[in-house]
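The values are calculated or read from the model by the stated rules, or taken from the named source; none is laboratory data. Predicted model only: the values in this text are computed from it and were never measured. Every residue, glycine among them, receives a Cβ derived from its backbone with ideal geometry; neighbour counts consider all protein chains shown. Accessible surface is based on the protein model in full, side chains and every heavy atom, while ligands, DNA and RNA are left aside. Shrake-Rupley method; radii C 1.70, N 1.55, O 1.52, S 1.80 Å.
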Amino acid sequence: MRIVVIGGGYAGLPCLIELHRRKTGAELHLIDPRSEHCKLTRLHETLQTPLQRFCEPFSALGSKYGFIHHREAIDVTEEKLNLWSAAGRLPLAHEDLSFDALVVATGSRPRKLPSGEGVYTQEDFRKDLGREVIESIAAANNRSKYVTVVGAGATGVQFLFELSNVLRKKKTAVSLRLISLEERTLAELPAGLHRVVLKRLAEAGIDFVPCTRYMKQARDRIIVEDLSRHETFDLPSRHTLLFPGVAPFPLTLNTDRFGRVLAGDTLENVFAAGDCSIYQGHGLNRLSAQAAMRKGKLVAANIRAQAERKTMSAYTYRESGYMVSLGRHDAVGWLGLRTNIVKGLPALACKEALESQYNLYLGGVDTYLPFFSII
């Protein structure tokens, strides 16, 4: 068999690793425009740690797990998937790559907001600009005392508290502000987590501005809209970090319970996994590393089962916990039951254990057993 995976993130890479581990004997190919896999759940740490510590080159991973990396971008549409499925071929820049099974794991991309001077996005941090951002904030210390983080999801909250820790260490006299479209932080997670975050914000002297939409940066100020009053106003902010959440990229693909793409009919040889996919059934479809990884592993198992004409497995993964960093020495999350809120050092220990578990997985040790794995 020849199996092609588009996207080497939290779904595509585990799919390839699982295919190799199951000794399918398949010829494996990865299509991804980047040169390395980035552990995005740790991207906030690049404010004081080099990005390369959280990246794994596809060349090394390919040697370890037996796949060939083609560094190029593929424009995926439902129409093209139908054509590729019928032909059993994927057109690349310099060749057509035939396949027996195709996996679309293109993931998600941050929603776009107006940029400008002093505005940074997730993509900037993927270019290892974290420490450069800190230096820029420190250098502008006397020009404006505010730095704004836009977006109160897990990524925005983690960056905010990491930034607070770093600036405190550097004794940089700036104030931090968190802007949220929602009434509370971590809107998709249990309300108990928001109460903990709110307390930590107050302790750190960080302003929280809920129900507010970021419009644009204008020199040393940002223009925002109060969603409850439908009024536009401005706030001082020399630097702004944008984390407005993510959306499936380049499209959302619906699948059956086994991960096969539904594009008109069921495409028997085309699967989808990760943030770009919505599975039928009752399994977790949230845009998260947890769901992406489970879908990637499931698709690998189902490709083998289909090839061997065995019964495929339905996607049933249910989340059993979630942890959010609140700086290098604090965290908050839930474990087991959504009402069981964990905070402080116990939550931090869980968070670090999860990151170590993923590192072990990339290293070849699979400890993701259903009864205790929560990443």
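Taking a ≥ b ≥ c as the square roots of the Cα gyration tensor eigenvalues, with a/c under 1.5 meaning rounded and otherwise prolate when a/b beats b/c, else oblate, which class fits region 225-362? Mind dumping the intermediate values first?
Numbers: a/c = 2.55, a/b = 1.46, b/c = 1.75.
Taking the square roots of the gyration eigenvalues as a ≥ b ≥ c, region 225-362 is oblate.
Which whole-number percent is the relative contact order of region 1-154 (Cα, under 8 Å, 6+ apart)?
31
So how far apart, in nm, are the two label points at ASP128 and ARG34 if each is 7 Å from Cα heading toward Cβ?
Those two pseudo-labels are separated by 1.4 nm.
For region 1-71, which whole-number percentage of the solvent-accessible area (1.4 Å probe, protein heavy atoms only) is attributable to carbon and sulfur atoms?
Whole-percent figure for carbon plus sulfur exposure: 47.
What is the pair-distance distribution P(r) of region 219-265, computed from all Cα-Cα distances in 10 Å bins starting at 0, with each bin given as a whole percent?
18, 26, 19, 15, 20, 1
Which one is right for this structure if volume of the Cα convex hull per residue in Å³ is calculated from it: (1) 130; (2) 167; (3) 145?
(3)
Which three extents, in angstrom, do the Cα atoms of region 154-220 have along their principal axes, listed largest first?
Sorted largest first, the three principal extents are 34, 28, 18 Å.
Set the Förster distance to 51 Å, then compute FRET efficiency between LYS171 and ARG109 from the Cβ-Cβ distance, nearest 0.05. Please list the in-between numbers first.
On the way: r = 36 Å, r/R0 = 0.71.
Taking R0 as 51 Å, the efficiency between LYS171 and ARG109 is 0.90.
With a/c under 1.5 counting as rounded, go ahead and sort region 317-356 into rounded, prolate or oblate using the C-alpha gyration tensor (a ≥ b ≥ c being the square roots of the eigenvalues; past the cut-off, prolate if a/b is larger than b/c, else oblate).
It is oblate, given that a/c is not under 1.5 and a/b is not larger than b/c.
When all alpha-carbon pairs of region 267-326 are counted, what percent fall beyond 19 Å?
Summing the P(r) tail past 19 Å for region 267-326 gives 32 percent.
What residues from region 126-166 fall in the zone where the backbone N is under 14 Å from a label point 7 Å along the Cα-to-C-beta line of GLU182?
151-158
Summing Lys, Arg as +1 and Asp, Glu as -1, what charge do residues with Cβ under 10 Å from the Cβ of PHE58 carry, PHE58 excluded?
-1
Would you mind calculating the gained length between PHE249 and THR367 on full extension (0.36 nm times residue separation, minus the Cα-Cα distance), in nm to one decimal?
Gain on extension, PHE249 to THR367, equals 39.6 nm.
Just want to confirm a number: the relative contact order over the chain, from Cα pairs under 8 angstrom separated by 6+ residues, in percent. Walk me through the numbers before you get to the answer.
Values: 758 pairs, mean separation 66.8, N = 375.
In percent, rounded to a whole number, it is 18.
When the chain is treated as a GNM, springs tying every alpha-carbon pair under 10 Å, which of ASP128, ASP75, ASP234 comes out with the largest mean-square fluctuation?
Its mean-square fluctuation being the largest, the pick is ASP75.
Largest first, please: the extent of the C-alpha atoms of region 92-196 along each principal axis, to the nearest Å.
58, 36, 26
As a test of the formula, what do you get for the chain when each DSSP H run with n ≥ 4 contributes -39,500 (n - 2.57) and the sum is divided by the residue count, at 222 nm and rounded to the nearest 500 deg cm²/dmol? Present the calculation step by step, with values, prior to reporting the outcome.
Working: 9 runs with 112 residues, N = 375.
Value at 222 nm, helices only: -9500 deg cm²/dmol.
Can you put GLU352, GLU117 in order of accessible area, largest first, using a 1.4 Å probe?
Accessible-area ranking of GLU352, GLU117, largest first: GLU117, GLU352.
Which value in nm describes the separation of the simple spin-label points at ALA204 and ASN285, placed 7 Å from the Cα toward the beta carbon?
For ALA204 paired with ASN285, the spin-label model returns 3.4 nm.
So how much accessible area does SER59 have, in Å² to the nearest 10, using a 1.4 Å probe?
Roughly 90 Å² of SER59 is accessible to a 1.4 Å probe.
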